[in-house]
1. Would you check if there is a residue in the stretch 193-214 being under 30 Å from GLN105 (Cα atoms) and among the small types (Gly, Ala, Ser)?
2. With the condition kept exactly as written, say whether any residue in the stretch 218-230 is among the hydroxyl-bearing types (Ser, Thr, Tyr), surrounded by 15 or more Cβ atoms within 10 Å (Cβ to Cβ) and not in a loop (DSSP other than H, G, I, E, B).
3. Residues in the stretch 218-225: is at least one under 28 Å from TYR180 (Cβ atoms), within 17 Å of the chain's Cα centre (by Cα) and not assigned by TED's automatic domain parsing to the domain that holds MET87?
4. Pick from LYS47, LYS78: which is basic (Lys, Arg), in the same structural domain as LYS113 (by TED's automatic domain parsing) and part of a helix (DSSP H, G or I)?
5. I'm checking my understanding of the structure. Among residues of the stretch 176-209 that are of a type in the set (Lys, Arg) and modelled with pLDDT of 90 or more, which one is surrounded by the fewest Cβ atoms within 10 Å (Cβ to Cβ)?
6. I'd like to know if the stretch 129-140 contains one or more residues that are touching a residue at least 60 places away in the same chain (Cβ under 8 Å) and more than 30 Å from ASN52 (Cα to Cα).
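The values are calculated or read from the model by the stated rules, or taken from the named source; none is laboratory data. No experiment lies behind these values; they were computed from the predicted model shown. Neighbour counts run over all protein chains shown; Cβ positions are idealised from the backbone, glycine included.
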Amino acid sequence: MEKSHKIKTIRLLFYFFLIFIGLIFPFPSFAETPQLNTKYLENEIMKTLGKNIKCKKIIVQIMTSKEKPNEIKTLAVKFESVMVGDMAADYMTVLYEKPVIDVNQLTKAKKFKILSSSSNKVGILISVKAIDNYIAAKAKQLLKKQVRVSVRFSPPYAECFFDIPVSAIPPKTLKILAKYVKGKNLEGYAAIQMSAKNNALSALSSKAIVNHFLIPGAVRQELLNTLNPFDRVPVLFPLRYSINHVNVQNNYLFLSN
């Protein structure tokens, strides 16, 4: 009987000890959602994007909400020397507000997917050199080595200087400019402004000179009607964004939404 009483006393003291420890060092609640490991997620997103997007460097930054530590407030991704289609952009940044990421798919299948976001901002910076390289590569690809085109930025215009063999010009374009063709080349200058809508790029020309002829506005407009939109900005998988603005800066072309 005395032994049983001692055992009960020891148990009671043990329980009081547990309660005392619990007051000083509260045990974690297993019902709470664990806080996101942002560094781990940043690294996983960076590695996953690196498999799909060709670039020199990727930086990923996640900021969580102060009120809800397990909720992502912003997700920012920055690319350096990234290939946007066939053109190398110096920099590209994408910022998502309150994005919902499929974390299970990211960690298990190593696939990055944004299920939703309240908004997103994108900015693509392309230098004059990158555009010149793109034009030269296109000419080489089309076996039109005698095509010479260079670009200079004079905000808000992109000035284009060209010397193109008549044989390299599409028939539809050549028909519009037929009366200005003298000799075997079309040589001249054009000052253009650019616009974008849903990733499609269009041009507006305020001045064009071909073989020393100043091209009338009506002819310029007819030519632009056949050329526009002249290109599209590809959306790099698995990101989501839409380009709707083009801004010509001193040394760069800036595309944004």
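1. No, the stretch 193-214 contains no residue that is under 30 Å from GLN105 (Cα atoms) and among the small types (Gly, Ala, Ser).
2. no
3. For the stretch 218-225, residues under 28 Å from TYR180 (Cβ atoms), within 17 Å of the chain's Cα centre (by Cα) and not assigned by TED's automatic domain parsing to the domain that holds MET87: absent.
4. LYS47
5. Only one residue fits best here, namely LYS197.
6. no
Here's the yes/no breakdown for (1) more than 32 Å from the chain's Cα centre (by Cα); (2) part of a strand (DSSP E or B); (3) closer than 16 Å to GLU222 by Cα:
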| position | (1), (2), (3) |
| --- | --- |
| PHE161 | no, yes, no |
| LYS179 | yes, no, yes |
| LEU186 | yes, yes, no |
| ILE192 | no, yes, yes |
| ALA196 | no, yes, no |
| LEU201 | no, yes, no |
